[in-house]
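First up is the structure itself, then whatever we jot down about it.
Derivation of every value follows stated rules applied to the coordinates shown; laboratory data play no part. Bear in mind the structure is a predicted one, so any value in this text is a computation, not a measurement. Cβ placement follows ideal geometry from the backbone for every residue including glycine, while neighbour counts extend to all protein chains displayed.
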Amino acid sequence: MAPAPPRPYVLLNMVSTADGRATIDGRSGPIGNRADRELFHGLRTAVDAVMAGAGTIRTERYGPIVAEESRRRARLERGLAAEPLACIVSGRLSLPVDIPLLADPQARVAILTPSAASLPGVAAQVDYVRTGNDGRLDLPAAFTVLSEHFGIRTLLCEGGPHLNSELLSAGLIDELFLTLAPKLSGGETPLQILAGAALEPPVEMDLLSVFESESDLFLRYRVVCSSASARAPAPARV
């Protein structure tokens, strides 16, 4: 049997209320506490690339991935680039070019898309990873490109829910960091950390660690390897 193509080791970082909501008033920021924000930035400091779907990029108005100078120095001390590669998953390239990330000439951005179009008037340094299959993005092929052509060994995914489900369905998530906040938000059909078709069979996970801060729970899981894709080896620094 031929070996599976190389791909990055993928971490998924999400936050949720105790009743399962992934956003409050359309944003994830109001859910977590100070420790969750430290985890958010700490994970960004340790990886080669940070990925999010176009909807998350638009809603959260992404700017520089690592803005704080001390964290940029910490990355350099780890042997990483000062700024991670920002990866945007977009089917139709419906991205406003005034998003701070795209307006930053220092930003390194890879857009994963099946579209042949390009974004006009973007100040950021943009590369396109075009791995379409019948008009849909071929995520495993795109991850192989990130590994082989961009040297990405570790990748942090920050959502959104539809992208999370697609990655899990393709067997492309290795670990889940889940912050469970002591908040109840309520509401009809809440947006959860996964959206779209049900995962068949459900993805199983092994609990690696639990921490608590101000009643927030910080859960780290290893995603059990699915038949869809072989597990990527975990780099020592993760």
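What full-extension length gain, to one decimal in nm, is calculated for A197 and R73 as 0.36 nm per residue of separation minus the Cα-Cα distance? Show your work: numbers first, answer last.
Numbers: separation 124, 0.36 × 124 = 44.64 nm, distance 4.15 nm.
Separation in residues times 0.36 nm, less the Cα-Cα distance, equals 40.5 nm.
Per residue, how much space in cubic angstrom lies within the convex hull of the C-alpha atoms of the chain?
Output value, Cα hull per residue: 138 Å³.
Identify, among F143, P120, G132, the residue whose Cα sits farthest towards the positive end of the charge dipole of the range 95-175, taking +1 on the Cβ of Lys and Arg and -1 on the Cβ of Asp and Glu, with the dipole about the Cα centre.
So the residue furthest toward the plus end is P120.
Could you give the nm distance between label points at V126 and H41, where each point is 7 Å from its Cα heading toward the beta carbon?
2.9
Taking a temperature of 10 °C and a viscosity of 1.306 mPa s, what whole-number D in µm²/s does Stokes-Einstein yield for the range 25-166 with Rh from Kirkwood over alpha carbon pairs?
Calculated translational D: 102 µm²/s.
Can you list the HN-Hα couplings for the range 173-181, worked out from phi with the Karplus curve (6.51, -1.76, 1.60; θ = phi - 60°), rounded to whole Hz and with x for Gly and Pro?
With coefficients 6.51, -1.76 and 1.60, one gets 10, 9, 9, 10, 9, 10, 8, 9, 8 Hz.
What Kirkwood Rh does the range 101-145 have if only Cα atoms enter the pairwise 1/r average? Answer in Å.
11.2
If you keep only loop residues by DSSP, which GluC sites (Glu not before Pro) in the range 1-109 have at most 12 other Cβ atoms within 10 Å of their Cβ?
Answer in residue order: E68.
Using the beta-carbon distance between S213 and A81 and R0 = 25 Å, what value does 1/(1 + (r/R0)^6) give for FRET efficiency, to the nearest 0.05?
With a Förster radius of 25 Å, E is 0.25.
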